[in-house]
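A short write-up of the structure that comes next.
The values are calculated or read from the model by the stated rules, or taken from the named source; none is laboratory data. On a predicted model such as this, the values are computed, not experimentally measured, just so you know. For the accessible areas, the whole protein counts, side chains as well, though only heavy atoms, and no ligand, DNA or RNA atoms are used. Shrake-Rupley method; radii C 1.70, N 1.55, O 1.52, S 1.80 Å.
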Amino acid sequence: MILPDRFPFPILACAVALASGCAPERASIAAAPVAPSANASDAERIAGMLVKADAAGQGEHRDRIVAALDRSGVKAIDGTKDDPLAEWRAQSSFASPPLRGRALGRGYRRAVVEGLRAVELEQLFLAGEAAEVAAAARGGTPVSFLILDKKGNTVCQTQIAPSATCRWLPAYSARYTIRLANRSAEAARVYLVVD
């Protein structure tokens, strides 16, 4: 996991709370949605590159994006059957570097959310390690983005328009549910990057 060169306010607030004797169950801070900015995180940039590669079609432009994605070290999340990056890499005219994955490292997943439907994914996050999920959608389809802890409490809730990011500090190692709900009649293609 790449550590940020500056700590977002929720992480700093949690560190201060822990130093002052706060109970561990209070260490989890629900982060507000983070809008994309000029200072985007690695996960936000990668989610955006996945959408651009998807929209680019076959050719040198997509090949350059795929090469940049390879350099980032992103790989499909374990158990993902739909791996467009592998398909794009096979079609690329550029030589790809060998993949060297990391346990629980940065990963991505493409989710196709049919019209007026929802998709739920589960992901493990470790206690005390900053968690980040960035989402980017192709096109203007309105998709809600919700993260729930194992008790069903909302950790983050926002709208992907066309991208969104949630960051928080898990108090316990646990699986979290990522829920994408499509409010349109048209199918939406969403790329999630977990870091």
Ranked by accessible surface with a 1.4 Å probe, highest first, in what order do Arg62, Arg89 come? Arg89, Arg62
Rg and Dmax [Cα atoms of region 38-173; Å; Rg one decimal, Dmax integer]: 15.5, 47
Provide Ser173, Ser72 ordered by accessible surface of protein heavy atoms (probe 1.4 Å), highest first. Ser173, Ser72
Do the alpha carbons of any pairs in Lys52/Lys75; Lys52/Lys81; Lys52/Lys151 sit beyond 26 Å of each other, and which pairs? Lys52/Lys151
Quick check: at a probe of 1.4 Å, how many percent of the accessible area of region 114-192 sits on carbon and sulfur atoms? 44
Solvent-accessible area per residue for region 72-195 (1.4 angstrom probe, square angstrom): 50
Using only Cα atoms, locate the centre of region 105-153 and the centre of region 158-193, then give the distance between them in Å, rounded to an integer. 3
Along the principal axes of its C-alpha atoms, what lengths does region 117-184 span, in descending order and rounded to whole Å? 35, 19, 14
